[in-house]
1. When the range 152-168 is examined, which residues are found to be touching a strand residue (DSSP E or B) at 6+ places or on another chain (Cβ under 8 Å) and in contact (Cβ under 8 Å) with a residue 40 or more places away in the chain?
2. Looking at (1) closer than 30 Å to Asn149 by Cα; (2) buried (at least 19 other Cβ atoms within 10 Å of the Cβ), which is the only condition Pro278 fails?
3. Could you identify the single residue in Gly262, Gly238 that is within 25 Å of Asp333 (Cα to Cα) and at pLDDT 95 or above?
4. Out of Glu248, Glu254, Glu244, which single residue is modelled with pLDDT of 95 or more, under 20 Å from Glu281 (Cβ atoms), of a type in the set (Asp, Glu) and surrounded by fewer than 20 Cβ atoms within 10 Å (Cβ to Cβ)?
5. Take Tyr283 and tell me if it is within 22 Å of the chain's Cα centre (by Cα) and either of a type in the set (Lys, Arg) or within 21 Å of Arg296 (Cα to Cα) (or both).
6. Given the conditions (1) part of a loop (DSSP other than H, G, I, E, B); (2) modelled with pLDDT under 95, and given that Glu371 satisfies all but one, which numbered condition is not satisfied?
7. Going by the structure shown, is Arg312 surrounded by fewer than 20 Cβ atoms within 10 Å (Cβ to Cβ), out of contact with any Leu (no Cβ under 6 Å at 6 or more places or on another chain) and of a type in the set (D, E, K, R)?
8. Here is a list of conditions, (1) among the aliphatic types (A, V, I, L, M); (2) touching a helix residue (DSSP H, G or I) at 6+ places or on another chain (Cβ under 9 Å); (3) surrounded by 18 or more Cβ atoms within 10 Å (Cβ to Cβ); (4) within 21 Å of Pro428 (Cα to Cα), and Leu324 meets all of them except one; can you say which number that is?
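The values are calculated or read from the model by the stated rules, or taken from the named source; none is laboratory data. The model shown is predicted, which means the values in this text are computed figures rather than measured ones. Virtual Cβ from ideal backbone geometry, glycine too; neighbours counted across all protein chains shown.
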Amino acid sequence: MAVSRRTILQLAMAPSLLAPARANAQDLDPMVSRVYPGPSGRLVYVPDEQGNTIHDASHAGSRGGGAATGSTVPVSRRAFAGAVAAAAAATWAGRVRGIPFGLVPSVVAQGAALRDLVPKGWLIGAAINQNQSDGRDTAAVDLITRQFNTISPENLLKFQSLHPEPDRFTFDAADRYVAFGLDRGMAVIGHNLVWHSQTPRWVWDGPHDGLADRATMLARMRTHIATVVGRYKGRIRGWDVVNEALNEDGTLRESPWRRGIGDDYIAHAFEFSHEADPNAELYYNDYNLVTRPEKRAGAIRIVRDLQQHGLRIDAVGEQGHWRLDTPTPVALDQAIADLRATGLKVMITELDVNLLPQAGWPAAGQPPAPESNPYANGLPDDVQQALARYYADAFRVLLKRRDDIARITFWGVSDGDSWLNRGRVNHPLLWDRQRQPKPAFDAVVNVLMTGRP
C-alpha cells in the first residue's frame, strides 16, 4: 500500500480525530474499501490490481467515492494502522488534558516503527546481547521485534566466543541468536570472522612462544570459517568477514594475521567465507572511514584488490562511532559517494553518537572523575536537542543517498546497553535507559516520514 508521508504527519494534527480510532493492520482487507478520518476530510483505503493503496481524499477535490491522486510512497499496513491509532490516541490525550495538540507530536513518532519507515530495500536494526537473544530482557525483545528488520550480534559470533580452544566450538548461544532473528523474519548478520581483537591466543601461537607459520595460520582460519559459516549456511544473510584491518593512515594494521600470513590474509578470509556459503553476502567493516579520508582510501584499496582477484564482496561497513561534532553532513555525504564508487553498497554498521568528553579509563576500583562523566544524572535538554539535531542531519544525508545504502545498525538497543558507558554514563542511542524513545528518535522518524533529504 502507499500513503503520503505528509498525510501521516498531518494525522497527528487532525482535529477531526475526536477519539482513539481502532485501526489494526488486519482491518485493512485487500478486498474492501475503508474510510478513515483525515487531515481535512478522509483517508480512503482502495485495493487495486497494483496493490493496496491509501489515498488522501482531502486533496482529491471530491466528496464522493473517488480516490485522490498525488505523491505517495510505499508503507506497510502496520505503519498506516499504527499512525492512525497513535494519532487518534494523541488527539484524545490532548483534548482530555487540555494540552494544545501541536505540543504532542512525539506521541505519533513513538507509535512508529523504523522498519516501516525506511526506504524500500533498507535494513535497519541493532546489535543485541545475549540477554536479549535469549529472551530474558523482555522489554528489549519487544522493542527489537517492533522496530527492526535486522539484528547483529554484539559479541556472540566473535572468534573468542565461538572457538575458545582448538578443538572446541561453543554454538549454543549463537544458535539461539540466529533463531531469534529468523523466528521474527529478520535478516541475521554475522559479526565477525577475522579480527585482531577478541581472538584467542592459540589461533596465532607457534612453537617456542613464537608466531605460527603461514600454513598453520591459514589452516586455522579456514577451519574456523568453514565451521562457523558452514553451520549457518542459508540462515545468516551476511558476514563481516574482516574487521578493522587498517591503521588510521590507511595502511594495513600490523596484526598477528598479517604478520603470520601476509597481506593476502584478507583475500583468503573472503575466499574461505565464499566457499563455506556461496550465497552469503560478504562485507569489509571498519571505523573512521568517514572522518579520515586516508583510511577510507585504504578501504577502497582493499575492495579493489578483492575485486581484481575475482572475490566476492558485497558492501563496505562504516561503523559509525561518531561524536556530536564529527562527522559533518558534508563529510558523511562525500564518504558515501567515495565508497559507492567501488560499485558496492555502503552500510552504517555500529551507529552511536558519543556524548562524553574524551578521557582515560579510571583506575581499577575508582569512580570516573566528575568532569569526565558530566551526564551521570541524566542528559540536559539542550544536549538532548543537540543529539536529536545530529541524528536528523545524519539521516537526511542517508536518505539523500538512499540508493547507496543497504543497512543501518545501531550498536546497542538503548543507552543502558551501549558499550560506550564503560564505567561512565553515556546516552548515545535513540532509546533511553527505560527503553523510552528520546527526542533523537522523534527526529529520525520525522526525517523518514517526511522524506526530506
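1. Passing the criteria: Ser152, Glu154, Leu157, Lys158, Phe159.
2. Pro278 satisfies all of (1) closer than 30 Å to Asn149 by Cα; (2) buried (at least 19 other Cβ atoms within 10 Å of the Cβ) except (2).
3. Gly238
4. Values: Glu248 fails: under 20 Å from Glu281 (Cβ atoms); Glu254 fails: under 20 Å from Glu281 (Cβ atoms).
None of the others qualify; the one that does is Glu244.
5. Numbers: within 22 Å of the chain's Cα centre (by Cα): yes; either of a type in the set (Lys, Arg) or within 21 Å of Arg296 (Cα to Cα) (or both): yes.
Yes; evaluated as a whole, the condition is true for this residue.
6. Evaluating Glu371 over (1) part of a loop (DSSP other than H, G, I, E, B); (2) modelled with pLDDT under 95 leaves (1) as the failure.
7. no
8. Just one mismatch for Leu324, condition (3).
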